[in-house]
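See structure below.
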Amino acid sequence: MAIQKIPREQSDINLKTGNEMLLEKRSPSILISMVEDNYEITQSIRGILATDPEFQFNSWYQSGEEAIEKITPDQEGILIMDLNLPGMHGTECIEIISEKFPELKIVVLTSHDDDDFVIRSIKAGARGYLLKDIKMDRLLSELRVIHLGGSSMSLPIAQKVIQLIRPPADTPDNNKSQKKIQGENEKTNFISKREDEVLSLISIGYTYADVADELDISPHTVKRHIENIYRKLNVNSRSQAILKRNRLTDKE
(Lines give C-alpha, C1' and ligand atoms only; values in the text may rest on other atoms or scores of the structure.)
Protein backbone atom coordinates (compact mmCIF):
# COMPACT_ATOMS: atom_id res chain seq x y z
CA MET A 1 0.00 0.00 0.00
CA ALA A 2 1.56 3.26 -1.11
CA ILE A 3 1.05 6.59 0.60
CA GLN A 4 -2.29 8.02 -0.41
CA LYS A 5 -3.76 11.45 0.14
CA ILE A 6 -6.73 11.50 2.53
CA PRO A 7 -9.23 14.27 1.73
CA ARG A 8 -9.60 16.73 4.59
CA GLU A 9 -13.34 16.15 4.79
CA GLN A 10 -12.85 12.38 5.23
CA SER A 11 -10.45 12.73 8.13
CA ASP A 12 -11.53 12.53 11.74
CA ILE A 13 -8.07 13.44 13.06
CA ASN A 14 -7.63 16.98 14.31
CA LEU A 15 -4.06 18.10 13.55
CA LYS A 16 -2.25 20.89 15.29
CA THR A 17 0.98 22.45 14.14
CA GLY A 18 4.47 22.79 15.58
CA ASN A 19 5.20 21.92 19.19
CA GLU A 20 1.50 22.21 19.99
CA MET A 21 1.14 18.79 18.33
CA LEU A 22 2.15 16.63 21.30
CA LEU A 23 0.29 13.38 21.74
CA GLU A 24 -0.65 11.75 25.03
CA LYS A 25 2.27 9.95 26.69
CA ARG A 26 2.80 6.30 25.79
CA SER A 27 5.46 3.73 26.39
CA PRO A 28 8.85 4.64 24.88
CA SER A 29 8.47 4.97 21.11
CA ILE A 30 10.01 6.46 18.01
CA LEU A 31 8.97 10.11 17.79
CA ILE A 32 8.13 11.29 14.28
CA SER A 33 7.75 14.93 13.22
CA MET A 34 7.05 16.26 9.74
CA VAL A 35 7.81 19.29 7.60
CA GLU A 36 5.09 19.03 4.96
CA ASP A 37 2.75 21.67 3.55
CA ASN A 38 0.18 19.16 2.30
CA TYR A 39 -2.47 18.41 4.93
CA GLU A 40 -3.71 15.22 3.26
CA ILE A 41 -0.21 13.74 2.99
CA THR A 42 0.43 14.57 6.64
CA GLN A 43 -2.82 12.87 7.65
CA SER A 44 -1.92 9.80 5.61
CA ILE A 45 1.51 9.48 7.24
CA ARG A 46 0.02 9.93 10.68
CA GLY A 47 -2.51 7.22 9.91
CA ILE A 48 0.27 4.85 8.82
CA LEU A 49 2.23 5.54 12.01
CA ALA A 50 -0.87 4.91 14.11
CA THR A 51 -0.93 1.29 12.90
CA ASP A 52 2.25 0.53 14.85
CA PRO A 53 2.54 1.32 18.60
CA GLU A 54 6.31 1.65 18.22
CA PHE A 55 5.79 5.05 16.56
CA GLN A 56 4.38 8.27 17.95
CA PHE A 57 3.50 11.29 15.82
CA ASN A 58 4.91 14.37 17.52
CA SER A 59 4.88 17.62 15.55
CA TRP A 60 3.78 19.00 12.20
CA TYR A 61 5.38 22.01 10.54
CA GLN A 62 3.97 23.44 7.33
CA SER A 63 7.15 25.21 6.19
CA GLY A 64 10.89 25.16 6.73
CA GLU A 65 10.72 28.53 8.44
CA GLU A 66 8.17 27.24 10.96
CA ALA A 67 10.25 24.15 11.68
CA ILE A 68 13.42 26.18 12.30
CA GLU A 69 11.51 28.55 14.59
CA LYS A 70 9.66 25.93 16.65
CA ILE A 71 12.00 22.95 16.93
CA THR A 72 13.63 22.93 20.36
CA PRO A 73 17.09 21.63 21.35
CA ASP A 74 15.55 18.79 23.36
CA GLN A 75 13.36 17.53 20.51
CA GLU A 76 14.14 13.91 19.70
CA GLY A 77 13.36 11.35 17.04
CA ILE A 78 13.03 11.62 13.28
CA LEU A 79 12.05 14.59 11.14
CA ILE A 80 10.39 13.67 7.84
CA MET A 81 11.14 16.45 5.36
CA ASP A 82 9.41 17.36 2.09
CA LEU A 83 11.51 19.35 -0.39
CA ASN A 84 9.12 21.54 -2.38
CA LEU A 85 7.90 23.72 0.47
CA PRO A 86 6.46 27.23 0.48
CA GLY A 87 9.29 29.70 1.07
CA MET A 88 12.56 28.00 2.00
CA HIS A 89 13.45 24.91 -0.02
CA GLY A 90 13.71 21.65 1.90
CA THR A 91 17.42 21.17 1.21
CA GLU A 92 18.21 24.55 2.76
CA CYS A 93 16.05 23.69 5.75
CA ILE A 94 17.88 20.35 6.17
CA GLU A 95 21.24 22.10 6.29
CA ILE A 96 20.12 24.61 8.94
CA ILE A 97 18.35 22.07 11.14
CA SER A 98 21.22 19.56 10.88
CA GLU A 99 23.63 22.22 12.10
CA LYS A 100 21.40 23.51 14.92
CA PHE A 101 19.99 20.17 16.06
CA PRO A 102 22.47 17.41 15.09
CA GLU A 103 20.71 14.78 17.22
CA LEU A 104 17.49 15.11 15.19
CA LYS A 105 17.55 12.54 12.38
CA ILE A 106 16.23 13.92 9.08
CA VAL A 107 14.84 11.77 6.26
CA VAL A 108 13.53 13.19 2.99
CA LEU A 109 10.12 11.98 1.80
CA THR A 110 9.38 13.42 -1.61
CA SER A 111 8.02 12.63 -5.05
CA HIS A 112 11.18 14.00 -6.72
CA ASP A 113 14.12 11.79 -7.69
CA ASP A 114 16.18 14.49 -9.42
CA ASP A 115 19.94 13.93 -9.11
CA ASP A 116 20.45 17.45 -7.80
CA PHE A 117 17.86 17.07 -5.03
CA VAL A 118 19.30 13.73 -3.94
CA ILE A 119 22.90 14.95 -3.72
CA ARG A 120 22.00 18.30 -2.12
CA SER A 121 19.85 16.59 0.53
CA ILE A 122 22.52 14.07 1.48
CA LYS A 123 25.24 16.71 1.58
CA ALA A 124 23.00 18.92 3.72
CA GLY A 125 22.69 16.19 6.35
CA ALA A 126 19.72 13.96 5.47
CA ARG A 127 20.03 10.42 6.84
CA GLY A 128 17.77 9.02 4.13
CA TYR A 129 15.91 9.77 0.92
CA LEU A 130 12.57 8.06 0.31
CA LEU A 131 9.98 8.48 -2.43
CA LYS A 132 6.31 9.03 -1.66
CA ASP A 133 5.23 5.95 -3.61
CA ILE A 134 6.82 3.81 -0.88
CA LYS A 135 4.70 1.01 0.58
CA MET A 136 3.32 1.47 4.07
CA ASP A 137 5.24 -1.40 5.69
CA ARG A 138 8.42 -0.35 3.89
CA LEU A 139 8.12 3.20 5.24
CA LEU A 140 7.92 1.91 8.81
CA SER A 141 10.92 -0.37 8.22
CA GLU A 142 12.99 2.47 6.80
CA LEU A 143 12.11 4.74 9.72
CA ARG A 144 13.33 2.02 12.10
CA VAL A 145 16.64 1.90 10.21
CA ILE A 146 17.00 5.68 10.59
CA HIS A 147 16.10 5.47 14.30
CA LEU A 148 18.83 2.88 14.87
CA GLY A 149 21.43 5.18 13.33
CA GLY A 150 21.46 3.80 9.79
CA SER A 151 20.80 5.38 6.43
CA SER A 152 17.87 4.58 4.19
CA MET A 153 17.04 5.08 0.53
CA SER A 154 14.34 3.91 -1.84
CA LEU A 155 15.78 1.41 -4.32
CA PRO A 156 15.70 3.81 -7.32
CA ILE A 157 17.53 6.41 -5.23
CA ALA A 158 20.15 3.90 -4.03
CA GLN A 159 20.80 2.86 -7.62
CA LYS A 160 21.01 6.51 -8.68
CA VAL A 161 23.56 7.32 -5.96
CA ILE A 162 25.70 4.34 -6.95
CA GLN A 163 25.63 5.48 -10.59
CA LEU A 164 26.52 9.03 -9.62
CA ILE A 165 29.59 8.06 -7.59
CA ARG A 166 30.92 5.62 -10.19
CA PRO A 167 33.07 7.08 -12.99
CA PRO A 168 31.42 7.26 -16.44
CA ALA A 169 32.06 4.30 -18.72
CA ASP A 170 34.16 6.26 -21.21
CA THR A 171 36.61 7.86 -18.75
CA PRO A 172 40.24 6.72 -18.42
CA ASP A 173 39.71 5.98 -14.73
CA ASN A 174 36.83 3.68 -15.52
CA ASN A 175 38.82 1.95 -18.25
CA LYS A 176 41.50 1.16 -15.65
CA SER A 177 38.80 -0.11 -13.29
CA GLN A 178 37.34 -2.34 -15.99
CA LYS A 179 40.77 -3.83 -16.68
CA LYS A 180 41.10 -4.56 -12.98
CA ILE A 181 37.69 -6.24 -12.98
CA GLN A 182 38.66 -8.34 -16.01
CA GLY A 183 41.77 -9.47 -14.17
CA GLU A 184 39.71 -10.56 -11.19
CA ASN A 185 37.23 -12.30 -13.50
CA GLU A 186 39.97 -14.63 -14.69
CA LYS A 187 39.88 -16.14 -11.20
CA THR A 188 36.17 -15.79 -10.42
CA ASN A 189 32.92 -14.89 -12.15
CA PHE A 190 31.80 -11.34 -11.40
CA ILE A 191 28.41 -10.91 -9.78
CA SER A 192 25.26 -10.56 -11.89
CA LYS A 193 23.06 -7.47 -12.13
CA ARG A 194 20.53 -8.96 -9.69
CA GLU A 195 23.26 -9.94 -7.25
CA ASP A 196 24.63 -6.41 -7.47
CA GLU A 197 21.17 -5.05 -6.62
CA VAL A 198 20.98 -7.35 -3.60
CA LEU A 199 24.44 -6.34 -2.41
CA SER A 200 23.67 -2.64 -2.93
CA LEU A 201 20.62 -2.91 -0.66
CA ILE A 202 22.54 -4.91 1.95
CA SER A 203 25.25 -2.22 1.94
CA ILE A 204 22.75 0.50 2.97
CA GLY A 205 21.30 -1.48 5.86
CA TYR A 206 18.55 -3.65 4.36
CA THR A 207 17.88 -7.01 6.01
CA TYR A 208 17.34 -10.14 3.90
CA ALA A 209 13.57 -9.75 4.45
CA ASP A 210 13.74 -6.09 3.40
CA VAL A 211 15.63 -7.00 0.23
CA ALA A 212 13.10 -9.71 -0.59
CA ASP A 213 10.23 -7.26 -0.23
CA GLU A 214 11.95 -4.50 -2.21
CA LEU A 215 12.89 -6.77 -5.13
CA ASP A 216 9.70 -8.86 -4.95
CA ILE A 217 11.55 -12.13 -4.46
CA SER A 218 11.54 -14.70 -1.66
CA PRO A 219 13.91 -14.56 1.34
CA HIS A 220 15.24 -17.95 0.21
CA THR A 221 16.17 -16.44 -3.17
CA VAL A 222 17.94 -13.56 -1.40
CA LYS A 223 19.94 -16.07 0.64
CA ARG A 224 20.96 -17.93 -2.52
CA HIS A 225 22.05 -14.65 -4.14
CA ILE A 226 24.19 -13.89 -1.09
CA GLU A 227 25.75 -17.36 -1.22
CA ASN A 228 26.58 -16.86 -4.91
CA ILE A 229 28.07 -13.43 -4.17
CA TYR A 230 30.30 -14.88 -1.44
CA ARG A 231 31.42 -17.69 -3.77
CA LYS A 232 32.10 -15.45 -6.77
CA LEU A 233 33.96 -12.82 -4.76
CA ASN A 234 35.70 -15.40 -2.56
CA VAL A 235 34.61 -13.73 0.71
CA ASN A 236 32.95 -14.88 3.94
CA SER A 237 30.98 -11.88 5.20
CA ARG A 238 28.77 -9.01 4.08
CA SER A 239 31.40 -6.41 4.88
CA GLN A 240 34.04 -8.26 2.87
CA ALA A 241 31.65 -8.61 -0.08
CA ILE A 242 30.79 -4.90 -0.03
CA LEU A 243 34.43 -3.86 0.21
CA LYS A 244 35.53 -6.17 -2.59
CA ARG A 245 32.66 -5.12 -4.88
CA ASN A 246 33.56 -1.48 -4.27
CA ARG A 247 37.24 -2.18 -4.87
CA LEU A 248 36.43 -3.80 -8.20
CA THR A 249 34.24 -0.96 -9.39
CA ASP A 250 35.92 2.11 -7.93
CA LYS A 251 38.57 3.93 -9.92
CA GLU A 252 42.15 3.27 -8.96
| request: Just give me the residues in the stretch 106-117 being surrounded by fewer than 24 Cβ atoms within 10 Å (Cβ to Cβ) and either closer than 13 Å to Gly149 by Cβ or in contact (Cβ under 8 Å) with a residue 12 or more places away in the chain (or both), in sequence order. | output: Thr110, Ser111, His112, Asp113, Asp115, Phe117
| query | With (1) free of Cβ contacts under 8 Å to residues at least 40 places away in the same chain; (2) assigned to a loop (DSSP other than H, G, I, E, B); (3) not charged (D, E, K, R) as the list, and Gly150 as the residue in question, which single condition is left unmet? | reply | (1)
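Determine, yes or no, whether Gly90 is among the small types (Gly, Ala, Ser), under 18 Å from the mean Cα position of the chain (by Cα) and closer than 18 Å to Lys105 by Cα. Show your work before the answer.
Values: among the small types (Gly, Ala, Ser): yes; under 18 Å from the mean Cα position of the chain (by Cα): yes; closer than 18 Å to Lys105 by Cα: yes.
Yes.
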| query | Can you name every residue in the stretch 68-103 that is of a type in the set (A, V, I, L, M, F, W, C), in contact with a helix residue (DSSP H, G or I) (Cβ under 7 Å, 6 or more places away or on another chain) and either modelled with pLDDT under 90 or over 15 Å from Ser121 (Cβ atoms) (or both)? | reply | Ile68, Ile71
| note | Of the residues in the stretch 227-250, those that are among the hydrophobic types (A, V, I, L, M, F, W, C), surrounded by fewer than 18 Cβ atoms within 10 Å (Cβ to Cβ) and closer than 22 Å to Pro156 by Cβ come to none
| Looking at Lys5, Lys25, which one is modelled with pLDDT under 95, assigned to a loop (DSSP other than H, G, I, E, B) and within 15 Å of Thr110 (Cα to Cα)? | Lys5
| said: Just to be sure I understand, how many residues within the stretch 196-241 are assigned to a loop (DSSP other than H, G, I, E, B), within 17 Å of the chain's Cα centre (by Cα) and among the hydroxyl-bearing types (Ser, Thr, Tyr)? | reply: 2
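Residues of the stretch 50-66 being part of a strand (DSSP E or B) and under 12 Å from Cys93 (Cβ atoms), which ones?
Residues of the stretch 50-66 part of a strand (DSSP E or B): 55-61.
Within the stretch 50-66, just Tyr61 meets the criteria.
Would you check if Val161 is modelled with pLDDT of 85 or more and of a type outside the set (Lys, Arg)? Lay out the reasoning, then the answer.
Details: modelled with pLDDT of 85 or more: no; of a type outside the set (Lys, Arg): yes.
Here the answer is no, as Val161 does not meet what is asked.
The values are calculated or read from the model by the stated rules, or taken from the named source; none is laboratory data. Model, not experiment: these values are computed from the prediction. Note that each Cβ is placed from the backbone with ideal geometry, even for glycine, and that neighbours are counted across all protein chains shown.
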